[in-house]
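Chemist: One structure follows; several queries about it will come next.
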Amino acid sequence: MPLTDPSCYHCGLPIPAGAEFPVEIDQTRREMCCAGCQAVAQAIVGNGLGDYYRHRDALPESPREALPQVLADFGLFDHPDVQKNFVRRAEGVAGEHEREAALILEGITCAACVWLNESHVRRQPGVTSVDINYTTRRARVRWDERVTRLSAILEAISAIGYRAHPYDIGRAEELAQKERKTALWRLFVAGFGMMQVMMYAVPVYLADGDMTPDIEQLMRWASLILTLPVIGYSAAPFFVSAWRDLKLRRVGMDVPVALGVGAAFAASVWATLIAAGEVYFDSVTMFVFFLLSGRYLEMMARQRAARSVETLARAIPAFATRLASWPSRAGEADGERVAVAQLNVGDAVQVKPGETIPADGSVLDGVSAADESLLTGESRPVQKRIGDALIGGSVNTSSPLVMRVERVGESTRVAAIQRLMERAAAEKPRLVEMADRVAGRFIVALLLLAVATALAWWWLDPSRALWVFVAVLVVSCPCALSLATPAALTVATGALAARGVLVTRGHAIEALARADHFVFDKTGTLTVGRMELVEVIPIAGDATRARAFAAALERGSEHPIARALASGGADAGIVVDGLRATTGAGVEGRMNDSIWRLGRPDFVAALHGQAIPADALAAVGAGDTVIALGNTEGWEAFFRLSDALRPEAKAMAASLMAAGIRLSIFSGDAPAAAARVGAALGIDDARGGLSPEGKHAALKAFQEAGATVAMVGDGVNDAPVLAQAQVSIAMGGGADLARANADVVLLGNDLQALPDGLALARRTLRIVKQNLVWAFAYNFLAIPLAMTGWVTPWMAGIGMSASSLLVVLNALRLQRR
């Protein structure tokens with residue numbers, strides 16, 4: 001019998017409406033909230049540990065606590081059923097044993113926590129890389145499964161006082177809510193304690209020594225009692241984090257804060273006990289309140305920035321209407337609501353107006369429009385008819401559609417985009433690494449400076465030494481310095497994605513902002529990439545035979561030129577042996593006991609050594625793309641193809657040149673074809689007839705001359721030159737997005753997104769510089785003031801909090817169009 005309790009039987013969280021993830025436990029159907037809890041529960045029951053559910057006396061507070069200890073010891077997180085949703089084989093590595101997991105960390109309070117976790121996990125045997133994004137709290141960990149296990153990595157993180165969970169958008173939001181709730185309670189206790197302590201401190205200040213000693217001592221004890229909850233609860237994270245750092249012989253950003261608060265509180269307690277000296281309970285509570293206020297506002301701004309990046313994770317709906325058959329009987333679409341995870345390739349799915357398309361596929365029936373703005377940056381709905389492609393995560397806007405599912409789960413476009421965004425968020429750009437190194441050394445210098453200042457004031461005026469020491473510790477904590485760059489880059493990544501510019505590498509935004517020379521491939525980049533066969537010029541045979549041979553040689557190729565030639569005629573079942581492609585030149589194969597080549601005229605001429613016939617010379621010089629066909633005996637035919645310019649290409653080129661960018665065209669087509677496109681766009685440097693090696697050499701020459709080069713290509717035949725450029729940009733439709741190695745991908749194939757992305761990248765770099773200048777200027781201004789006694793501890797708390805908050809709010813300006 002299904003349970004009526006709306007809570008997950010495993011973890012106790014509410015079950016989303018319509019979710020069906022049942023597990024049979026002790027012959028009773030139990031409902032789970034998600035596939036992760038379902039897999040864990042099945043593993044518990046499958047290992048004969050069903051008694052865990054009978055004997056537990058409370059629901060867990062976290063997924064780690066949702067496991068019986070014996071199962072945790074067995075390494076449940078190493079179970080394939082548990083790993084399938086968040087662990088995958090690492091891409092781009094030679095070995096087949098390297099695995100990659102997406103995790104979310106709990107307990108991160110500052111940039112030093114990120115550094116601590118990365119340093120600790122990187123030292124574990126078998127771990128090849130770990131990158132943590134401070135803004136989103138997400139980690140990307142890679143390890144060799146022959147050397148270590150995921151459970152060992154999670155235990156290593158737990159050993160230094162943090163918790164790591166498999167990344168899930170629902171779990172991430174739950175942790176964010178928990179973080180907000182806890183921070184708000186700590187802030188409330190600190191604020192309430194501060195107000196109450198001030199009620200006792202103000203009369204003492206106003207009395208100015210006229211208050212009787214017994215009443216003043218009573219005020220001190222009352223202030224001490226009211227300060228205890230602020231220190232023990234509100235300020236607890238500072239002390240816990242500082243103690244954790246010190247145990248590991250490291251100095252984090254909470255160490256100076258904890259040292260300052262602890263010293264002021266300890267001195268005040270001692271003064272209260274001996275009824276002599278100054279007390280600082282009001283300054284301590286005020287400082288903690290202001291510091292927590294700043295961190296709370298910073299946390300809200302950070303979570304807002306993280307949500308802009310994680311929007312894609314919420315794009316795919318939880319459920320879809322699957323049709324039992326298609327075409328349906330009597331024209332009726334009888335569908336059942338199923339979880340999107342249960343859809344299979346080939347299923348027919350009904351999508352009503354306003355519903356989100358659940359997977360990648362094509363239209364089977366209906367005419368409508370789809371809002372693809374989240375995935376491509378295209379603001380206008382795209383018309384959809386029978387046979388048109390549909391992208392999972394886009395929204396059906398006008399009429400009902402029936403679609404055929406073609407890709408599900410991790411193979412969908414939205415999943416590929418999300419993986420690339422995760423990679424970009426996890427990688428640390430050079431600016432971030434530099435800021436982290438400076439901040440780490442700055443803390444050590446700060447502690448030495450604070451001690452030296454305290455000693456100097458102890459000699460000058462012992463009564464002021466303590467609070468000057470506390471002020472120096474707190475006012476110069478380099479939180480703003482560590483936040484300056486990652487906050488801006490995280491917001492910029494989300495803002496660029498909303499404009500159809502997907503950043504897939506951590507360094508890409510900085511490199512794009514500094515680029516001063518853009519190099520474009522022609523076919524499929526500046527042109528639409530849909531080649532049309534305009535003319536066949538037969539030399540040795542007739543046009544029909546030439547088309548058949550060309551279609552046979554290009555059979556299975558996805559290049560735009562190959563598709564045009566393959567569609568120009570049937571291959572008549574011609575058998576091709578030893579087919580071999582030469583990148584940027586053409587293909588070669590054996591047909592009818594002879595070696596044939598199809599490709600650039602010079603490539604084919606190298607086979608037989610004959611000059612281009614007079615009949616074909618006019619076509620070669622006309623500016624269209626000309627492809628030659630021939631064998632060892634001579635020329636067979638020439639094919640003239642035409643490809644239209646993208647409608648936005650001219651405006652894009654004008655915008656980039658107006659921004660001071662030099663433009664070049666590198667093409668493997670005939671020089672005349674490249675020159676024709678260059679003339680149409682106003683680009684003087686248009687080079688044709690270049691091999692991939694030639695493109696690589698020409699681009700390298702630009703770099704040696706001092707240029708910062710951005711290469712824009714289709715991502716298929718431009719791999720060497722894309723890799724050579726400081727920043728590589730691929731058209732989103734030019735290659736399978738999951739295999740895209742470019743630093744930036746234009747999701748909507750809209751070139752106009754390029755100048756928009758360049759402007760935003762430059763703006764991002766300006767904001768990063770503003771944040772860094774502010775962080776350094778603040779510290780260099782505040783430290784001397786604190787050392788000379790002009791800054792009190794509570795003023796230091798306001799200054800430190802405000803400086804951190806300012807850099808985050810400045811970064812959020814990037815979200816505005």
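Chemist: Could I have the simple spin-label model distance between L448 and A222, label points 7 Å from Cα toward Cβ, reported in nm to one decimal?
Modeler: Taking the two extended label points, one gets 4.6 nm.
Chemist: Hey, what's region 654-735 come to in accessible area per residue, 1.4 Å probe, Å²?
Modeler: It amounts to 37 Å² per residue over region 654-735.
Chemist: Any idea what the dipole of region 466-565 comes to, in debye rounded to 20, about its Cα centre with Lys/Arg Cβ at +1 and Asp/Glu Cβ at -1?
Modeler: 140 debye
Chemist: Gain in length, R337 to K700, computed as 0.36 nm per residue apart minus the alpha-carbon separation, to one decimal in nm?
Modeler: Here the answer is 125.1 nm.
Chemist: Then there's this: Would you check the accessible area of D615, probe 1.4 Å, heavy atoms only, in square angstrom rounded to 10?
Modeler: 110 Å²
Chemist: Next question, about the same structure. Calculate, for E633 and R816, the FRET efficiency according to 1/(1 + (r/R0)^6) with r their C-beta to C-beta distance and R0 56 Å; round to the nearest 0.05.
Modeler: Step by step, r from the Cβ atoms, then E = 0.25.
Chemist: Say the cut-off is 29 Å between C-alpha atoms; which of K181/K352; K352/K522; K181/K769; K384/K695; K178/K247 go over it?
Modeler: K181/K352; K352/K522; K181/K769; K384/K695
Chemist: Percent of accessible area on region 579-663 owned by carbon and sulfur, 1.4 Å probe?
Modeler: Reported share for carbon and sulfur atoms: 51 percent.
Chemist: Right, another one. Quick one: which of 286-297, 761-772, 533-544 comes out on top by average Cβ neighbours within 10 Å, and what's the full order, highest first?
Modeler: Top to bottom by mean Cβ count within 10 Å: 286-297, 761-772, 533-544.
Chemist: Under the rule of at least 5 residues apart or a separate chain, name every residue whose amide H is placed under 5 Å from the amide H of G500.
Modeler: Answer set, sorted by chain and number: G377.
Chemist: Using 1/(1 + (r/R0)^6) with R0 = 30 angstrom and r between the beta carbons of R430 and E693, what's the FRET efficiency to the nearest 0.05?
Modeler: Rounded to the nearest 0.05, the efficiency is 0.55.
Chemist: Here's something else I'd like to know. When the chain is fully extended, how far beyond the present Cα-Cα distance does A614 get from W243, taking 0.36 nm per residue of separation?
Modeler: Between A614 and W243, full extension yields 125.1 nm more.
Chemist: According to a simple spin-label model (label point 7 Å from Cα along Cα-to-Cβ), what is the distance in nm between K769 and A543?
Modeler: The modelled label-to-label distance comes out at 5.9 nm.
Chemist: Please report the accessible area of H120 (heavy atoms, 1.4 Å probe, ligands and nucleic acids excluded) in Å², nearest 10.
Modeler: Looks like 40 Å² after rounding.
Chemist: Efficiency by 1/(1 + (r/R0)^6): what FRET value for S7 and L460, r their Cβ-Cβ distance, R0 = 51 Å, to the nearest 0.05?
Modeler: For R0 = 51 Å, the calculated efficiency reads 0.20.
Chemist: Still on this structure, I have one more. If I ignore ligands, DNA and RNA and count only protein heavy atoms, how much of E532 is accessible to a 1.4 Å probe, in Å² to the nearest 10?
Modeler: 120 Å²
Chemist: Same structure, new question: Can you give me the long-range amide H partners of H10? Hydrogens built in the peptide plane at 1.01 Å from N, cutoff under 5 Å, separation of 5 or more residues or another chain.
Modeler: C33
The values are calculated or read from the model by the stated rules, or taken from the named source; none is laboratory data. For clarity, every value in this text was computed on a predicted model and none was experimentally measured. No Cβ is skipped: glycine too gets one built from the backbone with ideal geometry, and neighbour counts run over all protein chains shown. Please note that ligands, DNA and RNA were not included when accessible areas were found on the heavy atoms of the full protein model with its side chains. Shrake-Rupley method; radii C 1.70, N 1.55, O 1.52, S 1.80 Å.
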